[in-house]
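Any read-out appearing in this document is the output of simple, stated calculations on the displayed coordinates, not a laboratory observation. Nothing here was measured: the structure is a model prediction, and the numbers come from that model. Methodologically, a virtual Cβ is constructed for each residue, glycine included, from the backbone with ideal geometry; neighbour enumeration extends over all protein chains shown.
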Amino acid sequence: MGQVSGAALWNIPLPEAQPAVAAESRARTQAVAAAVRTINESGIVGPDRQVTFSTDAATRELVVRVVDKQSKDVLVQWPSEYALNLAQEYRKEHQVP
């Protein structure tokens, strides 16, 4: 096997700081979870519907879905920003903290 000199290791770029990215991702997920909870508790999507969220496997982005409670069919899918804005507007209009 070949050897790598210590000097060669100094030329390898270090990975960028991941903890900041992870903390931002956690904060975003928590914000979306709170928005989904607000939307579900408000009932604004209807009595037979439930709002859920997950991470899209292809894009790694949070997506929010309105699902029929009985059939579990996805009725509509929203970007997470839409759910955040919807929950914020609901809280503002109804003076919910």
Practice problem: Please compute the net charge surrounding Ile44, taking Lys and Arg as +1 and Asp and Glu as -1 over other residues with Cβ under 14 Å from its Cβ. | Solution: 0
Exercise. Along Cα→Cβ, 7 Å out, is where each label goes; now give me the distance between the ones at Leu75 and Ala34 in nm to one decimal.
Key: 2.6 nm
Quiz prompt | Size of charge dipole - the stretch 19-94 - debye, nearest 20, with Cβ of Lys, Arg +1 and Asp, Glu -1, no other charges | solution = 180 debye
Practice problem: State, to one decimal in nm, how far the label point of Glu93 lies from the label point of Thr52, with both points 7 Å from Cα in the Cβ direction. | Solution: 2.6 nm
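Quick one: if the Förster radius is 30 Å, what FRET efficiency do Asp68 and Ala23 give, using the C-beta to C-beta distance and rounding to 0.05?
Numbers: r = 35 Å, r/R0 = 1.17.
E(calc), rounded to 0.05, equals 0.30.
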